[in-house]
Ligand code: 6CM
């Protein structure tokens, strides 16, 4: 039995900026981010996860779940990529200036509120997928880092994470336009592993590997045929994770390593 339980809330608070801590969203951000980190770190656990994509180091699992006839299958993906850090991974996922470069499902992205350097509120319109109606989403996004429990030495890099979670915005009511509002909770987490061979000398990109966990639960908000939705996810999630990680490798290859 586990005797000590990590207080993720405390660790997330320690990493947060003052502007985030003071915002009315903070209690929710802390709760959702803690819950997402806890479950991303848990691995596959006992749930009925089925492997539906395997491509090199990348593995994607889903649980088939429907709510009110809508597919809301939770997704859990793991991947390992050489040459980048968890911090770099989450940097390019979080900051809006890079999003159009890698997000293939995007029609438009707007920053509704930059609450702080580590918390941003977005409105996104996604590309229409035939035969369903177009979707949009409003969500806060929070960038954080916590000490690595598997590697407790003082100088070991932190685990970095970006969490996106839907929020209602009076300025952007759901189903106001021609889009159907989707609801999402997503975490992208990166743990940096440093090769023991690098000890005592300057670190090179060849010495580092990023262990990635990506979990997503997306409620499509309104009717969409289950088979089409599952086919879209099976195509789009692997495409996203491959394209995005290749993008981070390309962006960072000539930059100093940011642990
Ligand atoms: O996590 C990803 N992207 C983030 C930044 O954009 C953010 C976005 C999440 C939206 C994910 C939903 C996209 C699916 C839109 C189409 C829905 C169509 C329904 C009708 C089909 C019949 O967290 C990467 C997201 C990768 C998406 C596969």
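The values are calculated or read from the model by the stated rules, or taken from the named source; none is laboratory data. Just so you know, these numbers come straight off a predicted model, no measurement behind them. Here Cβ is always computed from backbone atoms with ideal geometry, including for glycine, and neighbour counts include all displayed protein chains.
Might you check whether a residue that is more than 28 Å from residue 20 (Cα to Cα), at pLDDT 95 or above, touching a helix residue (DSSP H, G or I) at 6+ places or on another chain (Cβ under 9 Å) and crowded, with 19+ Cβ neighbours inside 10 Å occurs anywhere in segment 189-198?
no
Per-residue answers, yes or no, for (1) within 16 Å of the ligand (Cβ to nearest atom); (2) part of a helix (DSSP H, G or I); (3) under 15 Å from the mean Cα position of the chain (by Cα):
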| position | (1), (2), (3) |
| --- | --- |
| 178 | yes, no, no |
| 190 | yes, no, yes |
| 229 | yes, yes, no |
| 235 | yes, yes, no |
| 243 | yes, yes, yes |
| 248 | yes, yes, yes |
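Is there a residue being within 24 Å of residue 90 (Cβ to Cβ) and either modelled with pLDDT of 95 or more or touching a strand residue (DSSP E or B) at 6+ places or on another chain (Cβ under 9 Å) (or both) anywhere in segment 224-233? Can you show your working first?
As a first pass, look at segment 224-233 and keep what is within 24 Å of residue 90 (Cβ to Cβ): 233.
Those left that are additionally either modelled with pLDDT of 95 or more or touching a strand residue (DSSP E or B) at 6+ places or on another chain (Cβ under 9 Å) (or both): 233.
Yes, because at least one residue in segment 224-233 is within 24 Å of residue 90 (Cβ to Cβ) and either modelled with pLDDT of 95 or more or touching a strand residue (DSSP E or B) at 6+ places or on another chain (Cβ under 9 Å) (or both).
Given the residues 118, 113, which is the only one that is surrounded by 12 or more Cβ atoms within 10 Å (Cβ to Cβ), under 29 Å from residue 23 (Cα atoms), more than 11 Å from the ligand (Cβ to nearest atom) and free of Cβ contacts under 8 Å to residues at least 24 places away in the same chain?
Values: 118 fails: free of Cβ contacts under 8 Å to residues at least 24 places away in the same chain.
After applying the criteria, what remains is 113.
Could you list all residues from segment 199-212 that are surrounded by 11 or more Cβ atoms within 10 Å (Cβ to Cβ) and either closer than 20 Å to residue 255 by Cβ or in contact with a helix residue (DSSP H, G or I) (Cβ under 6 Å, 6 or more places away or on another chain) (or both)? Write out each step before concluding.
Residues of segment 199-212 surrounded by 11 or more Cβ atoms within 10 Å (Cβ to Cβ): 203-212.
Answer for segment 199-212, where residues must be surrounded by 11 or more Cβ atoms within 10 Å (Cβ to Cβ) and either closer than 20 Å to residue 255 by Cβ or in contact with a helix residue (DSSP H, G or I) (Cβ under 6 Å, 6 or more places away or on another chain) (or both): 203, 204, 205, 206, 207, 208, 209, 210, 212.
Might you let me know whether segment 66-81 holds any residue that is in contact with a strand residue (DSSP E or B) (Cβ under 9 Å, 6 or more places away or on another chain) and surrounded by fewer than 14 Cβ atoms within 10 Å (Cβ to Cβ)?
yes
Being surrounded by fewer than 20 Cβ atoms within 10 Å (Cβ to Cβ) and within 15 Å of the ligand (Cβ to nearest atom) is the filter here, so list the residues in segment 127-155 that pass it.
Selection gives 127, 128, 129, 130, 131, 132, 133, 134.
Within segment 156-175, can one find any residue that is surrounded by 15 or more Cβ atoms within 10 Å (Cβ to Cβ) and under 19 Å from residue 224 (Cβ atoms)? Quick ask: steps written out before the conclusion?
Going residue by residue through segment 156-175, those that are surrounded by 15 or more Cβ atoms within 10 Å (Cβ to Cβ) are 156-167, 169, 172, 174.
Those still in the list that are under 19 Å from residue 224 (Cβ atoms) too: 166, 174.
Yes, the conditions are met somewhere in segment 156-175.
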